[in-house]
Amino acid sequence: MKWVTWENIGVDRMGCAWLIQRFIDPQAEFFFIPSAQVSLPEDCEPFDIPGARLSHRHNHCTFHAILSDYHLDDPILHRIAGIIDEADVAQTVKVEPAAPGLDMLCRGIRLISGDDHTAIEHGRLIYEALHAHMSFSRRTHPHLRTGASVGTM
């Protein structure tokens, strides 16, 4: 399937691309358009573009919308969505200590990547590592809230 979003991806769009390829559409093809472009390609599923089916809802990032629409119930994915929320959407309460670091890493990835496709490839490792760490933490320390950090490993 073809997916389209705005160019110059950041923390939410980078996370969404990882989520789409990892859990929804392993053969996903991504296309990027300028944010000023009004018309969207008809043969693509738009995401993280205002007015699209898969976009910010009720003060939550697009990652949340994709989890909801595709019925992905993994608690670790929902925790990642919370981290992306804090990094991408203005929050009145800060509870995810990883959010500023994730945002900084994604901004850095965008700066060192020649284009958005390369940024997705580089960002995939960050999101895969975050998911792996949270999965490991959940298995080894089930008394902690879902995916909470356990310090050094």
Problem - Sole residue being surrounded by 15 or more Cβ atoms within 10 Å (Cβ to Cβ) and not β-branched (V, I, T), chosen from L111, L67 - result: L67
Practice task
Please determine, by comparing only the residues of the range 54-64 that are crowded, with 20+ Cβ neighbours inside 10 Å and outside any loop (DSSP other than H, G, I, E, B), which one is nearest to the chain's Cα centre (by Cα).
Solution key: F63
Exercise for the section: Say whether the condition of being touching a residue at least 60 places away in the same chain (Cβ under 8 Å) and of a type outside the set (S, T, N, Q) is met by at least one residue in the range 90-98. Expected result: no
Practice task
For the range 33-53, indicate whether the set of residues that are modelled with pLDDT of 95 or more, under 13 Å from D116 (Cα atoms), among the hydrophobic types (A, V, I, L, M, F, W, C) and surrounded by 12 or more Cβ atoms within 10 Å (Cβ to Cβ) is non-empty.
Solution key: yes
Problem - Selected residue (only one of P41, P50, P46 is touching a residue at least 12 places away in the same chain (Cβ under 8 Å), in a loop (DSSP other than H, G, I, E, B) and farther than 17 Å from M134 by Cα) - result: P41
Exercise for the section: All but one of (1) under 23 Å from S137 (Cβ atoms); (2) in contact with an Asp or Glu (Cβ under 6 Å, 6 or more places away or on another chain) hold for L77, so report the exception by its number. Expected result: (2)
Problem - Pick from the range 93-124, criterion assigned to a helix (DSSP H, G or I) and of a type in the set (D, E), ranking: farthest from K2 (Cα to Cα) - result: D103
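The values are calculated or read from the model by the stated rules, or taken from the named source; none is laboratory data. Model, not experiment: these values are computed from the prediction. Please note: Cβ atoms are built from the backbone with ideal geometry, for glycine as well, and neighbour counts cover all protein chains shown.
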